Structure formats: C-alpha cells, structure tokens
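The values are calculated or read from the model by the stated rules, or taken from the named source; none is laboratory data. Please read these numbers as outputs of a predicted model, since none were measured by experiment. No Cβ is skipped: glycine too gets one built from the backbone with ideal geometry, and neighbour counts run over all protein chains shown. All accessible areas refer to the heavy atoms of the entire protein, side chains included, with ligands and DNA or RNA removed. Shrake-Rupley method; radii C 1.70, N 1.55, O 1.52, S 1.80 Å.
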Amino acid sequence: MLLILFYMSDRRKFVKLSFLSSVALLAGKNLFARTAKADGEFATVKDEPVVISTWDFGKAANAAAWEVLKTGGRALDAVETGVKVPEADPDNQSVGYGGRPDRDGKVTLDACIMDENSRCGSVACLEHVTHAISVARMVMERTPHVMLAGEGATQFAFENGFKKENLLTAKSEAEWKAWLKESKYKPQNNIENMMPGGKLNHDTIGMIAMDKKGDLSGACTTSGMAYKMRGRVGDSPIIGAGLFVDNEVGAATSTGVGEEVIRIVGAHLVVELMRQGLSPQAACKKAVERIAARNPKQAKEVQVGFLALHKSGKYGAFALQKGFSYAVKNGNVEQVFDAPSLF
Ligand code: SD4
C-alpha cells in the first residue's frame, strides 16, 4: 500500500525520469553512466565479489576478472587475468605490449601483485615480456624474494618459460621518434609524457578484487611514464606505493606521477587511513591532500589518482586533477565513474 502511495505521489517524477532515460537510450547514451556517485553508494556486501580498476579501459579488464570471480575463483587469479587484457592490447600505449618506450627507445615494464596473505611479487624495468604481471606472480610464488629488477627480472622470466618478444610497436616507435626531435621532459596532467599532439592516453592499470570468500588481492602493471630516463622505476611495482592489500582492512592502488606516490607511500597510506575508520573515498582524498600540501605549486601540474576497496565492499577514488576515471564490476554494477578531484 505504502509503495502504491509513494508511486502515485512520485508518478510525475517517475514519468519524467523514464522519458529522460528513453531519450538518452535513443541517443545511444546512458545519461547516468559517468556520474561520480557518493562514496560507496553501490557498495556490495561483504563476501560478494567485486572488482575495481583504474581508468576507462578498466572496464574490459574487469570483465575478464569477473569471469574468474563469478564462478567462485580466487581474487588473485581474477586480478592477474584482468590486467592481462590491457597488457596484451597494442592500442593501450601505457601498459604492456605497445607501451611507450623510455627515452632510449626501450619498452620497460613495472608490475606488482599482492594477495590476501600479504604475499607479494614485483618486477621493475622488465623488458621483452608482455605479461609483466605474470612474471611478478612467479617472483612471488617461485622465489624467496619480493622484487626483481632489470636484466635479472628479464632473465628470470625467460628461465621460467616466457618467450622473448619485441614490445615496441610501429605506432609507439613513430611517436617516440617524433618526441626525440624536441626531447623535452615535462609531466602533463593525465598524460605524463610529451606526446605529439597532446593526445590523452591513459595509463597504468591498478586492479583490486574481492572474491566470494571475502579475500582481497590486487595487481598493478604499467610501461611507466613515457620517455622516462633509462632505468627509471615508478610507483607501480613498489608494494605500498602503487599497490597495497591488507585482508583485514582493504586495498588501494594508484596511478599518475609515480614519484609523487612513492614520496607518501600512497597505497599503504590509503589502507592505513581506512584502518583508522575513513571511507575509501575519504582515505584517497586525504592521501591526495598530503601530496598537494607537500608541494602545492607542483601539485597543480601533475596528476595522481588513488582507488580503494574496503573490506566491507565499499569503494572510492580521488585524484589531484579532473580526468581520472575508474571502472567497477560486481553482480549489479558494470560502470565507469569519474573520480572526484582536488582541483
Ligand atoms: C609511473 N604511475 O610509472 C606510473 C604511471 C602512471 O599515470 O600511472 N601514469 O609513474
């Protein structure tokens, strides 16, 4: 009865909304698709699977991860499966195969992975292997170490069955050669490199998942800042900076100018703030504010975004600048959101 009364009194609003939705659908758009929702509005309940990841391209990665989660698979397998999608995509020029090279023309990859038992693995400056995340997982599972870097990481990959590949695509090579003509090096918001034409093209994928058992895992993989110095390592392969998972509390990942994230050990900070009771979005915001407070002038010129999932199933994100998006997938939601930002 109450429901009917509510329906009657709200009928006008309902009709208006239905009309707007139909117009949007006819126009081939979802009016509500990218609204930044209040923190945790679509929160899942504990023990229901969910996967979240950075940027618009996280949507395709989430879909692959979801195939693992929906059948009761482990979050660790889900995040590895998920981030392999952008790693293999030649059109994604900031992750894996087809990534933009360093200033010497070498594609070097950074990646890390962490599970519900705080087991973690990482590779930095890995060359000639598309799936850096799988090498990172092997470091975790087959060595007593957490991190392998440079030639040692590449050698380890070959010794463990990865084939030598050329990761530099014709497109990325042509752009790098064009960049060489000017050879400037100044980070740009949401680009973090000097691409000719200033075309937007994002960026590191950080992914966090919670499986049916309520266990958390995360993965982060990138070709790093385009045209970086040879040997430069960003935040993405650094446990605590680019990714952190604490199965008691939650998990966080980052994207943007890695140097800024490393200075505040960003992902770990976000998780610790959630431990103190902050919501995922509030925790991400506080971490971003800490970067801004440290160097207010510079903070206006660079992008950093954090994405977090609380053990309760709530998620949230926050960035320095507008333009950071994140993708969410669970049983009810498959959507890309614009993260709120400081500036
Ligand atoms: C890095 N954090 O290498 C990565 C790159 C990135 O948005 O995420 N750019 O610093």
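Hey, can you tell me all the residues within the stretch 224-238 that are open to solvent by 10 Å² or more (accessible area, probe 1.4 Å) and near the ligand (Cβ under 9 Å from one of its atoms)?
Result: Gly224, Met225, Arg232, Val233.
Given the structure, is Phe306 among the aromatic types (Phe, Trp, Tyr) and open to solvent by 10 Å² or more (accessible area, probe 1.4 Å)?
no
Sort out which residues of the stretch 208-223 are more than 13 Å from the ligand (Cβ to nearest atom) and open to solvent by less than 10 Å² (accessible area, probe 1.4 Å), and write them in order of number.
Matches in the stretch 208-223: Ile208, Ala209, Met210, Asp211, Gly214, Leu216, Ser217, Gly218, Ala219.
Out of the strands (runs of 3 or more DSSP E) lying entirely within the stretch 84-170, which hold 2 or more residues that are open to solvent by 50 Å² or more (accessible area, probe 1.4 Å)?
147-149
When you go through (1) crowded, with 18+ Cβ neighbours inside 10 Å; (2) among the polar types (S, T, N, Q); (3) under 23 Å from Gly224 (Cβ atoms) one by one for Gln298, which number turns out not to apply?
With (1) crowded, with 18+ Cβ neighbours inside 10 Å; (2) among the polar types (S, T, N, Q); (3) under 23 Å from Gly224 (Cβ atoms) applied to Gln298, the lone miss is (1).
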